[in-house]
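The values are calculated or read from the model by the stated rules, or taken from the named source; none is laboratory data. The structure presented is a predicted model; accordingly, all values stated were derived computationally and were not measured. For neighbour counting, all protein chains shown are included, and Cβ atoms are generated from backbone atoms with ideal geometry for every residue, glycine included. The accessibility values were calculated without ligands, DNA or RNA, using every heavy atom of the protein model including side chains. Shrake-Rupley method; radii C 1.70, N 1.55, O 1.52, S 1.80 Å.
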Amino acid sequence: MEEYLVILLRTLLLYAIIVLVFRLMGKREIGELSILDLVVYIMIAEIAVAAIEDIKTELIPTILPIFILLLIQIGLAILSLKSKRIRDLIDGKPTIIINKGKIDEKAMKKQRYNIDDLLLQLREKDVRNIADVEFAILETSGKLSVFEKESNKSGITIPLIIDGVIQEASLKEIGKNQSWLTQELRKQGHIKMEKISFCSFQDDKFYIDYFDEK
């Protein structure tokens, strides 16, 4: 009887700890979890199960790795907020699978994403015909964002500056270069690129947001 009571108490304690840890990690939907998030969650689950099953071991040394994982997760989240390179390293980058109605086979191959995957996710979006799709973007979470030709006649948002860093790949995507971007922004009175938090280009218009003043 005493053994079952210990298991019950350990289960309740670990449940409370895991709920607290997940809240401290921040709220994200299951479909939005990155590979790193999944790894951390699986490791925490395995640690919790081991701590409940092996009642002979001390609880504190068993719980300690959970909080170490929490600190690692929070630390990486803070670094991700400060650096796009770290965000890309941890979460990866969104990939354009369909660009202006044309399937990008190279991009699909790079992501190990096949036509069956594409058709499945298009059906989940109630898209019956690939010909109706203007853009389809495979997000870092694995979800497919779809922009149909009829429902969305505007172009797609292209990020040209993120965290003060000019995105050369995005410029190449729209057939422009850094000199063009600098010249166009200067025409609008934006001189210092490094002070721009985010700059996007859509339908021949710029959206510009500066870093908050400290």
**OP:** Give just the number: which of (1) of a type outside the set (A, V, I, L, M, F, W, C); (2) under 30 Å from S80 (Cα atoms); (3) under 21 Å from the mean Cα position of the chain (by Cα) does E124 not satisfy?
**Re:** (2)
Original post:
With (1) farther than 24 Å from S83 by Cβ; (2) without any contact (Cβ under 8 Å) to a residue 12 or more places away in the chain; (3) surrounded by 12 or more Cβ atoms within 10 Å (Cβ to Cβ) as the list, and L171 as the residue in question, which single condition is left unmet?
Top reply: (1)
Original post:
Are any residues in the range 67-84 of a type outside the set (A, V, I, L, M, F, W, C) and either closer than 30 Å to E2 by Cα or under 13 Å from the mean Cα position of the chain (by Cα) (or both), and if so, which ones?
Top reply: S80, K84
Original post:
Is the range 145-163 home to any residue that is of a type in the set (G, A, S) and within 23 Å of the chain's Cα centre (by Cα)?
Top reply: yes
Original post:
Residues of the range 109-144 being within 19 Å of I35 (Cβ to Cβ) and either free of Cβ contacts under 8 Å to residues at least 60 places away in the same chain or open to solvent by 60 Å² or more (accessible area, probe 1.4 Å) (or both), which ones?
Top reply: K110, Q111, R112, Y113, D117, Q121, I137, L138, E139, T140, K143, L144
Original post:
How about the range 29-130: which helices (runs of 4 or more DSSP H) wholly inside it have at least 3 residues that are modelled with pLDDT of 85 or more?
Top reply: 35-53, 59-82, 105-110, 115-124
Subject >> The listed residue being more than 30 Å from E173 (Cα to Cα) and either surrounded by 13 or more Cβ atoms within 10 Å (Cβ to Cβ) or under 23 Å from the mean Cα position of the chain (by Cα) (or both), out of L59, L89, L64 >> reply: L59
**OP:** Of the conditions (1) out of contact with any Phe, Trp or Tyr (no Cβ under 8 Å at 6 or more places or on another chain); (2) open to solvent by less than 80 Å² (accessible area, probe 1.4 Å); (3) more than 28 Å from V165 (Cβ to Cβ), L36 clears all except one; give me its number.
**Re:** (3)
Original post:
In the range 171-214, which residues are in a helix (DSSP H, G or I) and under 22 Å from the mean Cα position of the chain (by Cα)?
Top reply: L171, E173
Subject >> Long-range neighbours under 6 Å by Cβ, at least six apart or interchain, first residue under 15 Å from P159 (Cα atoms) and of a type in the set (S, T, Y) within the range 87-107, second open to solvent by 50 Å² or more (accessible area, probe 1.4 Å) and assigned to a loop (DSSP other than H, G, I, E, B) >> reply: T95/Q111
Original post:
Just one of L160, L181, L171 is under 20 Å from K93 (Cβ atoms) and in contact with a Phe, Trp or Tyr (Cβ under 6 Å, 6 or more places away or on another chain); which is it?
Top reply: L160
